[in-house]
Every structure is written in structure tokens, then in C-alpha cells.
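> First the structure, then my questions, so here it is.
The values are calculated or read from the model by the stated rules, or taken from the named source; none is laboratory data. Computed from a predicted model, the values in this text were never measured in an experiment. For neighbour counting, all protein chains shown are included, and Cβ atoms are generated from backbone atoms with ideal geometry for every residue, glycine included.
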Amino acid sequence: MNHLKSYQNRVVLTVWQLNLLVSIVFVGMFNQSFWHKINTVIEPNSYTDYLFLGSITMLLLVVINMVLNLLVTKTTYKYIYPVIFMFCAICFYYMVQYHIVIDRDMIRNVMETNPAEAKDLIGFNLLWYLLWLFVLPSWLISQVNIGAVSWQRVLLEKASVVVGSLMAIGVLIYASFPAYASLAREQRQLSHLILPTNFIFASLSYAKEQLYNIRQPFQDLSQEVRVDVALNGKKKVMVLVVGETARADRFSLNHYARNTNPKLSQRNLVNFQNTTSCGTSTATSLPCIFSYLNRQHYSHKLGKNSSNLLDFFKAAGFAVQWRDNNTGCKGLCDRVDFVDLTNVPGDPLCESGECYDEILLKGLREQILANENNQLIVLHQKGSHGPAYYLRYPQSFEVFTPTCHQTQLQKCSEQALNNSYDNTILYTDYVLDSTIGLLETLPADTDVSMFYVSDHGESLGENNLYLHGTPYFMAPNAQTHVPFLFWSSSLDKQTQQLDAHCMQQKQLAPLSHDNVFHSAMGLMNIQSDYYQSDLDLFASCKPRHVVVATEPSREVVKL
Ligand SMILES: [Zn+2]
């Protein structure tokens, strides 16, 4: 190659040669997850299959090379490549270790996490991956010199690469069109496995969404809220516990073989057993739970830029507070009171620098008593957040043993991993029971209720999948089937404000996070144009004289 020569102990290349070399490295070394998946999908055993695999290899090379060609120039390659290698090394590690995929939701997840949560995900192994996949290639790049070329030549080269790539893409796809069409239709997640384009496009998509959020004015939808005649003159206190990473199928209330709900099983609860989440990550599910929009119509753009459940309650005269032991409220509580309980120095519940979920109840009873208003209190749990499940509960809740005491989940036995996770559910059982216990001690003239719903579930090694955040369309039930519980003093048969029998009949109905907003509004008789009675679980279970008929104004999911 006449362009390639040794000059002052450095290799001299043109930009397009460097990009091509890096593209080959990406196709061959960074795309292990993609090749593994494509092999299981195609199961090559004939000449045609291997030809198709060859075509995919070429397609990957051409696409990656074209994207790099658009990003990298003679003056930027020394800065852009180390950044790309660093993020790709991190993505590669998590893709191989936990079988996650990289899409916009995953980038949002990462951007909206906090140091305590991120700390659990950083293992010693990650350093090895960074050494080989970030430090080494970055050093090699630093040893390259780009030869002097006129700007006209650079433009010509870039244009040639783009035009040549587009033509090559066209020819490759045309030659195997039926196979590519089938792959695109049935394996939509494949593009999320291709490094570095998955990371680059997901980041650009996230950045575009953030820009939109900044530009978009906030829409206050809660101005016309009406509070209908109360059932009684009592002060109302509603606690909404937002769980974290809890799987419905690990609740013995939902027939899990282990007794993970020894406390709640003694309570008179309504247990909505068939509830699905809006997303598979906190960053997606949380705003969706609090939005009036159903999952089908929900988008981050709409949800984050308009009033949510907290705003509607505030407009209805409720004192609203968000108590957090997680990663914050993702902007939902910007207009209400926020209490950060993730680290309370000196409190015995927070000795490790992080707090156990009981901290959410700290001073809560006194606070409720001191406020004459109706109140909505959100308790945002740390719940069962992984991979450090063993850090989520006090020692006394380590009932199922042996447990997994590390974050490299593959290194633990299946049994140990499940034990650790089940202990987190056992502790959540205790925290929820304590919350109900606290509400029961409030004066008799207080109408108290508690919702509990988890934001999403968790994969615990089934099909080699761990954690959560899998794109919804391909997510297993373990990540989308969530526990959803309701308790209220109104379920007491003597008060008859809610028909307990009617509520029990809803326990097996297919429900979702879509029901939370409208049920909470309905229970408190808060009326608005954005409330939909057919998503309100209580609408048909109240005494006739207080049911307010509301025509659904948009497409809704029936019970
Ligand atoms: Zn979550």
C-alpha cells in the first residue's frame, strides 16, 4: 500500500484507511452479541445461509464505515475515537455480561441514574474490558499520523465513501431481499446489538428528545380540576408506593411457592394480579405511571411536558409530597414538595451510605398529623434494584439462603441469586405492611388508602438475561408483569364506601399502569377532562350516589 509508510516511528494513514481499519475491528471484535444472536436466528447449515452471513458481514462493515466516515475527520479522530472506544467498551461489557441491548431507553436509563445506583453496576471486570477495548485501541490510534491531504481531496473521499456505501448497501440488500426483509420484520432488536452504531444512534435520539423537552413549553392541564362531593367529611390521605424492580410472580400473594408475603397475606388487600408495566425501566415507566395517557399514546415528549397525577392532586387542594429513596422523581415532582431520603447521615437505616426503604416512613406520621389538608404522599422505593440485591435489605431479612453477595450475577448459582432477590421482596412485604400499620394509627376521622405498584420487573438469568431495560416488544414477562396492590380503610365492611366484593372481582382482570392515574383520581373524586372512568378501578365499586359518569374522550383500554 503506497499510502502506508513508517514516518518518525508512526504509521501514516489517510482518514478513510483509518476508518476502514477501525470498522473491521468493530465488526470482528465488538459485535459478539450480534454474531451470537444472528447465529441462533439463521442457524447456518447450507451454502445459501453462509452466503447470507457473508452479506451481513459486508453490510455491517459498510454501514459502520460510512457512519465513522461521517463523524471522523483529520482533526477530530484523536478525540472522537477514544470517546467511541470508551463508550463501546462499556456497552460491550454490559451487553456480554447482562445481555442488555442499547437503545434510547437504555441511554435515558444511564443518564438518569445516580452514583449510588451506578456504583453497584461497576465491577472489577469492567476495568479489564476498558483496558483491552478502550485504552489499547486508543493508544494505537494515538500512534497513527494522518497524512496531509487537501480539503478538496478530503471532501471527494468522504463523498466517495458515502456514495459507494449507499450503492453497496443497495446491492447487498437487493441481492438477498427476502432474507433481509424477514430479518427486519422478525428481529427488530438486532440493530440495537450492533456496536458502535447502536450507541451512536441511541445517543443522538436521546439528545434530540432532550432538546425537544427544553424547547417545549410545559402544558398545565390541571387548571379545570373539580372535586366532587366527598363521600364523607373526613380528611383524606393517600400513599402511593412506587416499587422498584419487583416481579409479580415473586409475590406469594400471586401464588409464588415461597412465602415472600408473610405480613401482607394477613391484610385485607385488593391484589390486582395481572398487571403489566408501561416500560421496562424506571426512566420510562415512572413518568408513564403518573401520566393520564395510556401506554399506547404515551410518549416521553408528551408525558414529561404536561401535568401529571401530582399536579392534578395539587390543583384539587391536596398537599403533595414525594419521598425518595431511589434516583429521584425524573422531573415529576418539580412543582410539589420533594424529600430526598437516599442518605440520612446518622440514621441506623443508612449505615452503609445508602438507606433501606423503611427510611421512607421516617417522620411521616407526624407530618401527616401536622397537616390539616388532604394529602398525597409518594414513597419511591429502592425495592429490589439490582444487581446488588443483597444490599437492599437488612441482615434480619436474609431468610432465604445462601445468597449472592456480588454484582457479577453469572458467578452466583441460580439458587443464590433467587434467594437474594426473594429476600428483597420479603423486605418490601415488611415495608408495605409497616406503611399500612402507620396509616391505621391515624385518627379515625382520616380516610386512608395505599397503592403499591412496581415500575417494572426483572430478569434473573432466564434465557441468560439479567436485570431489565429490554425493549418492550421483546421483553419477557418477568420484566413487565408487576405487582399492584391496594389497601384502604374504606374496604372495611362497616364503612361501605367501597364495595369490597366488587373490588375483589377485579383482581384477575388484565390491568396495567394505565389504570393508576385514573383510579387514584377516581378514588379521591377528582374530576377533570383528562380523567377516564373506564380506566378507574373504583368507578363501578362506589355507592351509586357518588359515581360521576364521564364519557371517555379518547381511546382507552377496557377492563
Ligand atoms: Zn426501575
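> Determine if the range 327-348 includes at least one residue that is touching a helix residue (DSSP H, G or I) at 6+ places or on another chain (Cβ under 6 Å), of a type outside the set (Gly, Ala, Ser) and outside any loop (DSSP other than H, G, I, E, B).
No; the residues of the range 327-348 include none that is touching a helix residue (DSSP H, G or I) at 6+ places or on another chain (Cβ under 6 Å), of a type outside the set (Gly, Ala, Ser) and outside any loop (DSSP other than H, G, I, E, B).
> Something else now. If you scan the range 112-135, which residues turn out to be over 19 Å from His99 (Cα atoms) and either touching a Leu at 6+ places or on another chain (Cβ under 8 Å) or aromatic (Phe, Trp, Tyr) (or both)?
Trp132, Phe134
> Looking at Thr275, Thr280, which is the one that is crowded, with 23+ Cβ neighbours inside 10 Å, of a type in the set (Val, Ile, Thr), in a strand (DSSP E or B) and touching a residue at least 40 places away in the same chain (Cβ under 8 Å)? Show your work before the answer.
Values: Thr280 fails: in a strand (DSSP E or B).
The unique qualifying residue is Thr275.
> Here's something else I'd like to know. With respect to Gly461, determine if the residue is touching an Asp or Glu at 6+ places or on another chain (Cβ under 7 Å) and more than 16 Å from the ligand (Cβ to nearest atom).
Values: touching an Asp or Glu at 6+ places or on another chain (Cβ under 7 Å): yes; more than 16 Å from the ligand (Cβ to nearest atom): yes.
When the stated conditions are applied, Gly461 passes them.
> Has the range 480-495 got at least one residue that is touching a helix residue (DSSP H, G or I) at 6+ places or on another chain (Cβ under 6 Å), outside any loop (DSSP other than H, G, I, E, B), at pLDDT 90 or above and under 28 Å from Pro387 (Cα atoms)?
Yes, the conditions are met somewhere in the range 480-495.
> Right, here's the next one. Within the range 317-336, track down each residue that is away from the ligand (no atom under 16 Å from the Cβ) and surrounded by fewer than 22 Cβ atoms within 10 Å (Cβ to Cβ).
Within the range 317-336, Gly317, Ala319, Gln321, Asp334, Arg335, Val336 qualify.
> Further, regarding this structure: May I ask you to say which residue of Glu224, Glu209 is assigned to a helix (DSSP H, G or I), among the acidic types (Asp, Glu) and either in contact (Cβ under 8 Å) with a residue 12 or more places away in the chain or surrounded by fewer than 18 Cβ atoms within 10 Å (Cβ to Cβ) (or both)? It would help to see each step written out before you state the result.
Details: Glu224 fails: assigned to a helix (DSSP H, G or I).
Unique residue meeting the criteria: Glu209.
> Only residues that are surrounded by fewer than 23 Cβ atoms within 10 Å (Cβ to Cβ), touching a helix residue (DSSP H, G or I) at 6+ places or on another chain (Cβ under 9 Å) and assigned to a helix (DSSP H, G or I): list them for the range 448-479, please.
Result: Glu462, Asn464, Tyr472, Phe473, Met474, Asn477, Ala478.
> Then there is this: Hey, any hits in the range 224-246 for a residue that's among the acidic types (Asp, Glu) and within 16 Å of the ligand (Cβ to nearest atom)? Reasoning before the result, please.
Step one: list which residues in the range 224-246 are among the acidic types (Asp, Glu), which gives 224, 228, 244.
Okay, now just the ones that are also within 16 Å of the ligand (Cβ to nearest atom), so 244.
Scanning the range 224-246, I find at least one residue that is among the acidic types (Asp, Glu) and within 16 Å of the ligand (Cβ to nearest atom), so the answer is yes.
> Here's another thing I want to ask about it. Looking at the range 142-157, can you tell me whether even one residue there is assigned to a helix (DSSP H, G or I) and surrounded by 19 or more Cβ atoms within 10 Å (Cβ to Cβ)?
Our first condition is that a residue be assigned to a helix (DSSP H, G or I); within the range 142-157, this holds for 142, 151-157.
Pick out the ones that are also surrounded by 19 or more Cβ atoms within 10 Å (Cβ to Cβ) and you get none.
Within the range 142-157, not a single residue is assigned to a helix (DSSP H, G or I) and surrounded by 19 or more Cβ atoms within 10 Å (Cβ to Cβ).
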